[in-house]
């Protein structure tokens, strides 16, 4: 028995995106009359018809998506803003579910479901408080960063390993051989970045030097104190994110260490603090607009095609060189 045509088949037939086909078939704004005609003709030609239950619910759809997040990291704010703008352009509204201030995840989820969300984007959080355990049984879910789930869900994240290798390559080109690393503690993505650092350093025949930290300025400052207490400093230090790097850098400078003349410092994320005039941090950039678009693509696809196989998107970051790194002293 031939497979039932899907929305993706219509999109592939026309050479357009599945999102455009979905937009036309849901009578949302954003497509020309000619495009609408071509999409509907292709759907008829291929024999594609939306699921019967979806047609029955057509008039009751909310076109509202939920976002579960905290505001602990500057990059999380950038992601939420990018999600809001992109969702609006697609004809969706966002219901925001911030964690914190005594609100538990079950309470936030119940509130979001009460707003008739059709799908949920779960952002990685600085303290690991947002998890997706059990959520895919309730509604379509996409995970945006954070610890990988055992559930078969759509997953969008930065390729942290690639970003760490970019930083190690940059520092070794500057002649550095004693390169330390401050971890993100138990935060999401912290384990991936630590493992990538150890592997990249070992690949170059160097010795890993790992200091426990956290995704915070306080974590970076404590790591700087630990480095200074040891005596001999490394010539470069990488941090698990920009906030950690800023805490590290400010404490080193306050203790009389010149950056980058004595020690180079690098972060990860290229958040807004990285470009501040008194920081000028070398880091790796990942684009919130790209990540937001991939997450929305995934969750809308999951709404339209609930039985489609999970997808995994990995966004490759880019190196951003600023004044916090320099040649080995």
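The values are calculated or read from the model by the stated rules, or taken from the named source; none is laboratory data. From a predicted model like this one, the values you see are computed outputs, not experimental measurements. Positions of Cβ are generated from backbone atoms using ideal geometry, with glycine treated the same way; all protein chains shown enter the neighbour counts.
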Completion exercise
Counting only residues in region 11-23 that are at pLDDT 80 or above and farther than 11 Å from residue 90 by Cα, the one nearest to the chain's Cα centre (by Cα) is identified as 17
Practice task
Within region 182-224, count every residue that is crowded, with 20+ Cβ neighbours inside 10 Å and not in a helix (DSSP H, G or I).
Solution key: 11
Problem - Of the criteria (1) in contact with a helix residue (DSSP H, G or I) (Cβ under 6 Å, 6 or more places away or on another chain); (2) at pLDDT 80 or above; (3) over 30 Å from residue 106 (Cβ atoms), which one residue 33 fails - result: (1)
Practice task
Could you tell me which numbered condition residue 258 fails, if it satisfies all but one of (1) surrounded by fewer than 23 Cβ atoms within 10 Å (Cβ to Cβ); (2) closer than 13 Å to residue 242 by Cα?
Solution key: (2)
Exercise for the section: Take residue 244 and decide whether it is at pLDDT 90 or above and under 18 Å from the mean Cα position of the chain (by Cα). Expected result: yes
Exercise for the section: Kindly indicate whether residue 308 is on the phi < 0 side of the Ramachandran plot and either in contact with a helix residue (DSSP H, G or I) (Cβ under 7 Å, 6 or more places away or on another chain) or assigned by the TED database to the domain that holds residue 232 (or both). Expected result: yes
Problem - Conditions (1) part of a loop (DSSP other than H, G, I, E, B); (2) modelled with pLDDT of 75 or more; (3) buried (at least 19 other Cβ atoms within 10 Å of the Cβ); number of the one not met by residue 116 - result: (3)
Completion exercise
Exactly one of 83, 68, 79 is assigned by the TED database to the domain that holds residue 299, assigned to a strand (DSSP E or B) and crowded, with 20+ Cβ neighbours inside 10 Å, and that residue is 68
Practice task
Report whether or not residue 199 is modelled with pLDDT under 95 and over 24 Å from residue 251 (Cα atoms).
Solution key: no
Problem - Pairs, first at positive phi in region 114-136, second assigned to a strand (DSSP E or B) and modelled with pLDDT of 75 or more, C-beta under 9 Å, six or more apart - result: 116/64; 116/95
Exercise for the section: For region 89-107, indicate whether the set of residues that are in contact with a strand residue (DSSP E or B) (Cβ under 6 Å, 6 or more places away or on another chain), assigned to a helix (DSSP H, G or I) and closer than 27 Å to residue 158 by Cβ is non-empty. Expected result: no
Problem - Residue pairs meeting the criteria (Cβ under 7 Å; at least 6 apart or on separate chains; first outside the structural domain of residue 173 (by the TED database), in region 229-240; second assigned to a loop (DSSP other than H, G, I, E, B)) - result: none
Exercise for the section: Taking residue 43 as the residue in question, decide whether it is surrounded by 17 or more Cβ atoms within 10 Å (Cβ to Cβ), at pLDDT 80 or above and outside the structural domain of residue 139 (by the TED database). Expected result: yes
Practice task
Check region 265-278 and report whether any residue there is over 16 Å from residue 141 (Cβ atoms), without any contact (Cβ under 8 Å) to a residue 60 or more places away in the chain and either touching a helix residue (DSSP H, G or I) at 6+ places or on another chain (Cβ under 6 Å) or not assigned by the TED database to the domain that holds residue 182 (or both).
Solution key: yes
